[in-house]
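Quick note: the coordinates plus some simple rules give every number you see, no bench work behind them. None of these values were measured; they are calculated from a predicted model. Glycine gets a Cβ as well: all are built from the backbone with ideal geometry, and neighbour counts include every protein chain shown.
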């Protein structure tokens with residue numbers, strides 16, 4: 001991955017984190033966090049991985065983000081200084097789920 005794409009991923013992650021906190025309404029007590037972003041080399045698409053706590057709100061949070069994708073992208077476009085703003089695809093971060101399951105198992109062993 002090029003240095004440019006790494007910087008763009010970090011910038012998108014930072015800006016989207018601010019946007020979802022300020023602009024998107026999730027169920028009460030739901031905590032949605034952007035864990036990582038993967039952008040294609042041509043900057044046409046980005047996979048945005050999220051973590052949702054408590055877990056019971058994952059589907060609702062993902063649906064909310066997907067319904068508001070166009071609005072979120074427009075808000076991101078206003079904040080980005082790059083020529084292109086990628087299309088956004090929101091996904092639940094399976095690595096986060098796997099890591100939390102491992103943590104639970106390790107706690108049980110103690």
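Miscellaneous remarks
- Theoretical gain in end-to-end length, residue 1 to residue 67 [0.36 nm per residue, Cα-Cα removed]: 20.8 nm
- The chain: most fluctuating residue of 12, 72, 50 per GNM, C-alpha cutoff 10 Å: 72
- Taking 38, 14, 95 in turn, the Gaussian network model of the chain (Cα-Cα springs below 10 Å) assigns the largest fluctuation to 95.
- Rounded if a/c under 1.5, otherwise prolate or oblate - the range 16-56, Cα gyration tensor axes: prolate
- Once the Cα atoms are used to define both axes, helix 3-23 deviates from the longest principal axis of the chain by about 70 degrees.
- Site pair residue 35 and residue 80 shows an inter-label distance of 2.3 nm when each label is modelled 7 Å from Cα along Cα→Cβ.
- The fewest-to-most ranking of 17, 2, 46, 51 by surrounding Cβ atoms within 10 Å reads 2, 17, 51, 46.
- Taking a ≥ b ≥ c as the square roots of the Cα gyration tensor eigenvalues, the chain comes out oblate, since a/c reaches at least 1.5 and a/b does not exceed b/c.
- Highest mean first, the peptides 25-33, 54-62 sorted by other C-beta atoms within 10 Å per residue fall in the order 54-62, 25-33.
- One chain, two ends: residue 47 and residue 17. Fully extended at 0.36 nm per residue, the span grows by 9.4 nm beyond their Cα-Cα distance.
- Relative to the longest principal axis of the Cα atoms of the chain, helix 94-109 runs at roughly 20 degrees.
- Distance from the range 72-106 to the range 1-34 (C-alpha centre basis), Å: 6
- The modelled label-to-label distance for the pair residue 87/residue 106, using points 7 Å beyond Cα in the direction of Cβ, is 3.9 nm.
- Between 0 and 90 degrees, the angle of helix 69-79 with respect to the longest Cα principal axis of the chain falls at about 60 degrees.
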